[in-house]
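Below: the structure, in structure tokens.
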Amino acid sequence: MHVYSIDKDIRRKVIVVIFGISIFISIIMKYLLSVPIEFIGECIKKVELLKILLQIGNVLDVFLDIISAPVIYAILYWWFDKKLWKTEYINKVLQIPDLNGEWTGKAKSSFGDNNEYTMKLTIKQTWSKISFVALFPDTNSKSESNCASFFIETNGDKKIGFGFVNRSREVSAQQYDGYNVLELDSENEIAGRYFNNRDNSAFGIDGGNKGQFKLTRGTSGKLFKE
């Protein structure tokens, strides 16, 4: 997986909010635990071995450091990155689509004789990273993304662009690069177009190829609902 950009300043705001919550939780926890920790400290002093350990390094201070704001922030951000961002109510605020899942459909390319072929696209996504892996069983080739960007139009339409590199298992095949643009037609439908720098001179076409595809999500994952 690789990072992806968003054409809104939402990530900075998320960081500020999570860090603010972390500071608040840290203050509350230290306040609530101050009395129990003081009591535990007095009990430790009554046990000789524990008293020695307490003199070497204050274990209770280490515990307080563990519940400090930076540590709580790290835990909260990890949780947000993996799970919270795609929950229904939070995602309504973020408006970043959750594309996780298996997408299948047909693609048509200008390469060769404008062939139509099967396309399977696997998308894995967190709040900070994403990956697109496309398989083309009819041509025995595979494309993997290397960069991606999310675009939210003023009318609310969502588009995703990502660069890719294609590799084929065919002996005479070539590796080439390209770019996809996806548009979300509905919760589980994507329409896309692409172009690449694959040599098509044998068919009298210069400057690479282009094509389009339409895919439907068939497994886990859920897009943002209006």
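The numbers here are math on the coordinates, done by the rules we state, and not lab data. If you're wondering where the values come from, they're calculated on a predicted model, not measured in any experiment. FYI the Cβ positions are ideal-geometry reconstructions off the backbone, even for glycines, and counts take in every protein chain you see.
With the alpha-carbon atoms as the only input, what is the per residue convex hull volume for segment 92-154 in Å³?
For segment 92-154, the hull spanned by Cα atoms encloses 123 Å³ per residue.
What FRET efficiency, computed as 1/(1 + (r/R0)^6) with R0 = 35 Å and r the Cβ-Cβ distance, is obtained for S5 and I25, rounded to the nearest 0.05?
Result of the calculation: an efficiency of 0.75.
Apply 1/(1 + (r/R0)^6) to the Cβ-Cβ distance of Y89 and F195, taking R0 = 45 Å, and write down the FRET efficiency to the nearest 0.05.
0.75
Ordered by residue, what ³J(HN,Hα) values in Hz, to whole numbers, does segment 80-90 give under the Karplus form 6.51 cos²θ - 1.76 cosθ + 1.60, where θ = phi - 60° and Gly and Pro are x?
Coupling constants for segment 80-90: 5, 4, 8, 10, 4, 4, 9, 5, 3, 6, 5 Hz.
Please give the net charge around G192, taking every other residue with its beta carbon less than 9 angstrom from that of G192, where Lys and Arg add +1 and Asp and Glu add -1.
Net local charge, G192 excluded: +1.
Work through the residues other than E183 whose Cβ is under 9 Å from its Cβ and net out their charges, Lys, Arg +1 and Asp, Glu -1.
Charge balance in the 9 Å sphere: +1.
What order, most packed first, do the peptides 122-129, 17-24 have when packing is the mean number of other Cβ atoms within 10 Å of each residue?
The most tightly packed comes first, giving 122-129, 17-24.
Under 19 Å from the 7 Å Cα→Cβ point of W78, by amide nitrogen: which residues of segment 113-146?
Residues 125-130 qualify, since their backbone N sits under 19 Å from the label point.
Quick one: what are the phi-derived ³J(HN,Hα) couplings along segment 152-159, Karplus 6.51/-1.76/1.60 with θ = phi - 60°, whole Hz, x for glycine and proline?
Taking θ as phi minus 60°, the curve returns 10, 6, 5, 8, x, 5, 10, 10 Hz for segment 152-159.
Can you list residues from other chains, or at least 5 along the same chain, whose modelled amide H is less than 5 Å from the amide H of Q95?
Those lying under 5 Å, H to H, from Q95: there are none.
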